[in-house]
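Since the structure comes first, as structure tokens, the remarks are kept for the end.
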Amino acid sequence: MKLLSQLVALALCLVTTLGEARTFEEIKKDGKIIVASEGGFPPFNFFQGPKLTGFEIELAEALAKKMGVQIEWRALAFDALLAGLRQDRWDMVIASFGVTPVRAKAVSFTNPHYCSGGVIVAKNPAIRKADDLADKVVAVQTGTTYLENVQKLAKVKEVKNFPKDTDARAALVSGRVDAWVTDKFVAKAALEAAPSAGLTIGDFVFVEHIAPAVKKGNTSLVEAINKALQEVMADGTYEALSKKYFNEDIRCR
Ligand code: LYS
């Protein structure tokens, strides 16, 4: 009996993992696309009261409009987002994921929707460059390229992981760590939101292309998103949104 239930569980697991992702045609026929984000990475995706908003949320809404579909939003922990694509729990993820070789093995990325990188944020203005992180304690969000790249710096004393980037920031503000590595635009927004925290932004540790992701091999959806992205980038929609959130156009050049 136990073996049987284990076999059933295994079969179910295989079905959910190996099931076909919805093609763009199927999504279009349904009229709605399920898009997942994090909601914890201002100004890209965050909650304003109960409302999920931010640059990526508004950009996805603009893409959906071009694609002729409505978005049904899901908000989840950052490290659960890509796995959900594999399990067909949603069609697309937009949550500031950098395109890396490891991730590109597990999901399909569309063209990038912006270019940025991880910068060093500290209270001590002398901590600016990667070399300055020697013998320092650095806060980063779990599962991110910030963690991956800070771990490569041999001389760092300790890398402290936080499930949320906002908690990594809080650790720096309260003086529990020496530095926080996060996205350049997130760092800028954090400084503007709390000028009295005394934070300074240093150099890039690395740069990256950031893109939406879909289930591995869902070519029709990749193509539909790329087409919509090209349209919003050509007709001024992207520029207006980018300037609203960042006072500049952050597309890759
Ligand atoms: N760009 C980083 C990465 O790809 C951070 C993503 C967003 C974190 N809330 O891992």
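Would you mind finding the one in PRO112, PRO50, PRO101 that is without any contact (Cβ under 8 Å) to a residue 12 or more places away in the chain and within 14 Å of the ligand (Cβ to nearest atom)? Step through it out loud before you land on a result.
Working: PRO112 fails: without any contact (Cβ under 8 Å) to a residue 12 or more places away in the chain; PRO50 fails: within 14 Å of the ligand (Cβ to nearest atom).
Result: PRO101 is the single residue among PRO112, PRO50, PRO101 that is without any contact (Cβ under 8 Å) to a residue 12 or more places away in the chain and within 14 Å of the ligand (Cβ to nearest atom).
So, in the range 93-129, exactly how many residues are charged (D, E, K, R) and touching a strand residue (DSSP E or B) at 6+ places or on another chain (Cβ under 6 Å)?
Step one: list which residues in the range 93-129 are charged (D, E, K, R), which gives 103, 105, 123, 128-129.
Checking which are touching a strand residue (DSSP E or B) at 6+ places or on another chain (Cβ under 6 Å) leaves us with 128-129.
Counting residues in the range 93-129 that are charged (D, E, K, R) and touching a strand residue (DSSP E or B) at 6+ places or on another chain (Cβ under 6 Å) gives 2.
Scan the range 49-86 residue by residue and report those that are assigned to a strand (DSSP E or B) and more than 30 Å from GLU148 (Cβ to Cβ). Full working, then the answer.
Taking the range 49-86 and keeping what is assigned to a strand (DSSP E or B), we get 51-53, 70-75.
Matches in the range 49-86: LYS51, GLN70, GLU72.
Please go through the range 172-202 and pick out each residue that is on the phi < 0 side of the Ramachandran plot and among the small types (Gly, Ala, Ser). Steps first, answer last, please.
Restricting attention to the range 172-202, the residues satisfying the condition of being on the phi < 0 side of the Ramachandran plot are 172-174, 176-197, 199-202.
Those that are on the phi < 0 side of the Ramachandran plot and among the small types (Gly, Ala, Ser): SER174, ALA179, ALA187, ALA189, ALA190, ALA193, ALA194, SER196, ALA197, GLY202.
Which of the following residues is among the β-branched types (Val, Ile, Thr) and outside the structural domain of GLY40 (by the TED database): THR200, THR237? Give the steps one after another, and end with the answer.
On the way: THR237 fails: outside the structural domain of GLY40 (by the TED database).
On inspection, the qualifying residue turns out to be THR200.
For (1) under 20 Å from VAL93 (Cα atoms); (2) in contact with a Ser or Thr (Cβ under 8 Å, 6 or more places away or on another chain); (3) loosely packed, with under 15 Cβ neighbours inside 10 Å; (4) at pLDDT 95 or above, each residue gets a yes or a no:
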position: PHE206; (1), (2), (3), (4): no, yes, no, yes
position: PRO212; (1), (2), (3), (4): yes, yes, no, yes
position: LYS215; (1), (2), (3), (4): yes, yes, no, yes
position: VAL222; (1), (2), (3), (4): yes, yes, no, yes
position: MET233; (1), (2), (3), (4): yes, no, no, yes
position: ALA240; (1), (2), (3), (4): no, no, yes, yes
position: PHE246; (1), (2), (3), (4): no, no, no, yes
position: ILE250; (1), (2), (3), (4): yes, yes, no, yes
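Inside the range 126-213, counting only helices (runs of 4 or more DSSP H) that do not spill past its ends, which hold 1 or more residues that are away from the ligand (no atom under 16 Å from the Cβ)? Before you say what the answer is, go through the steps one by one.
Details: elements: 145-151, 165-173, 184-193.
It comes to 165-173, 184-193.
Here are VAL177, VAL159, VAL181: which of them is touching a Gly at 6+ places or on another chain (Cβ under 7 Å), over 30 Å from LYS65 (Cβ atoms) and in contact (Cβ under 8 Å) with a residue 12 or more places away in the chain?
VAL181
For the range 23-47, what are the residues that are hydrophobic (A, V, I, L, M, F, W, C) and either within 16 Å of the ligand (Cβ to nearest atom) or more than 17 Å from ALA228 (Cβ to Cβ) (or both)? Please lay out each step first, then the result.
So in the range 23-47, the residues hydrophobic (A, V, I, L, M, F, W, C) come out as 24, 27, 33-36, 41, 44, 46-47.
Across the range 23-47, the qualifying residues are VAL35, ALA36, PHE41, PHE44, PHE46, PHE47.
Each row is one residue, and each column tells you yes or no for (1) closer than 21 Å to PHE162 by Cα; (2) touching a strand residue (DSSP E or B) at 6+ places or on another chain (Cβ under 7 Å); (3) not assigned by the TED database to the domain that holds ALA224.
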{"residue": "VAL35", "(1), (2), (3)": "no, yes, no"}
{"residue": "GLU38", "(1), (2), (3)": "yes, yes, no"}
{"residue": "PHE41", "(1), (2), (3)": "yes, no, no"}
{"residue": "PHE44", "(1), (2), (3)": "yes, no, no"}
{"residue": "GLN48", "(1), (2), (3)": "no, no, no"}
{"residue": "LYS51", "(1), (2), (3)": "no, no, no"}
{"residue": "GLU58", "(1), (2), (3)": "no, no, no"}
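Can you pull out the residues in the range 53-98 that are within 14 Å of the ligand (Cβ to nearest atom), closer than 18 Å to ASP249 by Cα and charged (D, E, K, R)?
If the condition is that a residue be within 14 Å of the ligand (Cβ to nearest atom), closer than 18 Å to ASP249 by Cα and charged (D, E, K, R), then GLU56 is the only one that fits.
The values are calculated or read from the model by the stated rules, or taken from the named source; none is laboratory data. Remember, predicted model here, so these are calculated numbers, not experimental data. All Cβ positions, even for glycine, are placed from backbone atoms using ideal geometry, and neighbour counts span all protein chains on display.
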